[in-house]
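The values are calculated or read from the model by the stated rules, or taken from the named source; none is laboratory data. Only a predicted model underlies this, so the values are computations on that prediction, with no experimental measurement involved. Virtual Cβ from ideal backbone geometry, glycine too; neighbours counted across all protein chains shown. In case anyone asks, the SASA skips ligands and DNA or RNA and just uses the protein heavy atoms, side chains included. Shrake-Rupley method; radii C 1.70, N 1.55, O 1.52, S 1.80 Å.
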Amino acid sequence: MSQEYDIPAVSRHQAEDVIKRSHFITTLSHVQSVEEARAFIAEIKAEHPDATHNCWAFNAGPAGDTAFVGCSDDGEPSGTAGRPMLNVLNHCSVGEIAAVVTRYYGGIKLGTGGLVRAYSGMVQLGLDTLPTKRRFEAASVHIGIEYRHITLFKRMLARHEAEIQEENFGTDAQFMLRLPKRNLETLCAELVEMTDGIARIHVQK
């Protein structure tokens, strides 16, 4: 599995809809383990104790991986809620995610097909507006440059998706950077060229 994939950028995200008088609430969360996913599910159930159903699904691993997944129909007919929800999560580009769809029954039965469409659709509705960020295999590198190179140095960082973690100014300017590992070689090569080979570069192990 790729080491790069999208993850939720917020701890909690919600979407709501009314389908044939039933009120549905989708709550999504970033989870990094099965334990975190189950704790999140328990929180939502505690927040909606009077709901007719709190159906859930999660993938606590990389996007598309199925090693750390789970789902539950929570009283809905077997296969009409949890599995369709999980199917949406497994086929989206987002990993480390849990979803709970809370239903307050409105008096009109949806039928098996209607339930599948409702629960899968509610997860997709939440994903459509979910803020995400990229998870990548990171590298850390310490850079030392002369002051005259600072402006050009800072301009080049965005091209390599590099972020300054620390900076110190003494006899020269020193920076600790974090960036995707795949960009490390090109950043170092550009830095050497930009400083005529006098930049000090130390990749952290």
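Where a ≥ b ≥ c are the square roots of the eigenvalues of the C-alpha gyration tensor, would you call region 17-131 rounded, which needs a/c under 1.5, or, failing that, prolate if a/b is larger than b/c, or oblate? Here region 17-131 falls in the prolate category.
Model label sites at ARG38 and ARG200, defined 7 Å from Cα along the beta-carbon direction, differ in position by 5.0 nm. Label-to-label distance, THR129 versus ARG182, with points set 7 angstrom from Cα along the beta-carbon direction: 3.1 nm. A DSSP coil position with no more than 14 other Cβ atoms inside 10 Å describes the following trypsin sites (Lys or Arg not before Pro) in region 39-110: LYS109. For GLU167, the accessible surface of its heavy atoms amounts to roughly 80 Å² (probe 1.4 Å, protein chains only, rounded to the nearest 10).
Of the accessible area of the chain, with the probe set at 1.4 angstrom, what percent is carbon plus sulfur? Of all accessible area on the chain, carbon and sulfur atoms account for 49 percent. Put simply, region 31-86 fits an ellipsoid with semi-axes of 20, 15, 6 Å; these come from the alpha carbon gyration tensor as the roots of five times its eigenvalues, largest first. Rolling a 1.4 Å probe over the heavy atoms of the protein chains gives region 1-138 an accessible area of 47 Å² per residue.
A simple spin-label model places pseudo-atoms 7 Å from Cα toward Cβ; at ASN87 and THR66 they are separated by 1.2 nm.
The heavy atoms of THR112 offer some 90 square angstrom of accessible surface to a 1.4 angstrom probe. Can you compute log10 of I(q)/I(0) for the chain with the Debye formula, treating each Cα as one identical point scatterer, at q = 0.09, 0.13, 0.17 Å⁻¹? For the chain, the Cα-only Debye profile gives -0.49, -0.73, -0.99.
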